[in-house]
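The values are calculated or read from the model by the stated rules, or taken from the named source; none is laboratory data. A quick note: this is a predicted structure, and the numbers were derived from the prediction, not measured. Using ideal geometry, Cβ is built from the backbone for each residue, glycine included, and neighbour counts are taken over all protein chains shown. For accessibility, only protein heavy atoms count, side chains too; no ligands or nucleic acids. Shrake-Rupley method; radii C 1.70, N 1.55, O 1.52, S 1.80 Å.
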Amino acid sequence: QVQLMESGGGLVQPGESLTLSCTASGNIFRIYTMAWYRQAPGKQRELVAIITTGDSVHVADSVKGRFTISRDNAKNTLYLQMNTLNSEDTAVYYCYTHGQTDSAYPPRDYWGQGTQVTVSS
């Protein structure tokens with residue numbers, strides 16, 4: 001199994017910044033694509049940003065220019081730098097990875113438990 005642990009969420013005021021981190025641990029053979037998703041109350045989970053093993057990045061239009069995704073492969077850690085936050089960014093943010101625990105097994109999807117980000121004055 002691969003465990004994902006998010007950290008860095010909290011309550012901030014509009015215009016402020018936060019950085020989320022997600023560290024993968026457990027029986028890791030290889031980590032492939034990593035991503036951040038979010039789910040606001042009453043809404044479906046949506047992709048925020050995704051980064052491949054080759055550092056190709058896709059960022060949702062709603063956060064483009066404000067959020068930056070990055071990863072440290074040596075630490076199996078994913079980051080999300082969030083700037084100029086607004087109330088519409090309020091959501092639970094989930095870390096995702098497509099990972100492999102052994103070369104004998106196919107990779108599968110793993111999710112973190114989520115971290116709350118609240119933007120409010």
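What the table below lists for this structure:
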read-out	value
Any hit, the range 60-69, residues being open to solvent by 60 Å² or more (accessible area, probe 1.4 Å) and of a type in the set (Lys, Arg)	yes
In the range 42-53, residue least open to solvent (accessible area, probe 1.4 Å) [restricted to those that are β-branched (Val, Ile, Thr) and within 22 Å of Gln100 (Cβ to Cβ)]	Ile51
The range 23-41: number of residues that are under 23 Å from Asn73 (Cβ atoms), open to solvent by 30 Å² or more (accessible area, probe 1.4 Å) and part of a strand (DSSP E or B)	7
Exclusive hit being outside any loop (DSSP other than H, G, I, E, B), among the aliphatic types (A, V, I, L, M) and open to solvent by 60 Å² or more (accessible area, probe 1.4 Å), set Leu11, Leu80, Leu4, Leu20	Leu11
Lone unmet requirement of (1) under 19 Å from Lys75 (Cβ atoms); (2) part of a loop (DSSP other than H, G, I, E, B); (3) without any contact (Cβ under 8 Å) to a residue 40 or more places away in the chain for Gln44	(1)
Hits in the range 83-121 (condition: of a type in the set (Phe, Trp, Tyr) and open to solvent by 40 Å² or more (accessible area, probe 1.4 Å))	Tyr105, Trp111
Residue match in the range 38-46 (condition: at pLDDT 95 or above and hydrophobic (A, V, I, L, M, F, W, C))	yes
Residue ID - modelled with the lowest pLDDT, chosen from residues in the range 1-22 that are in contact with a Cys (Cβ under 9 Å, 6 or more places away or on another chain) and of a type in the set (S, T, N, Q)	Ser7
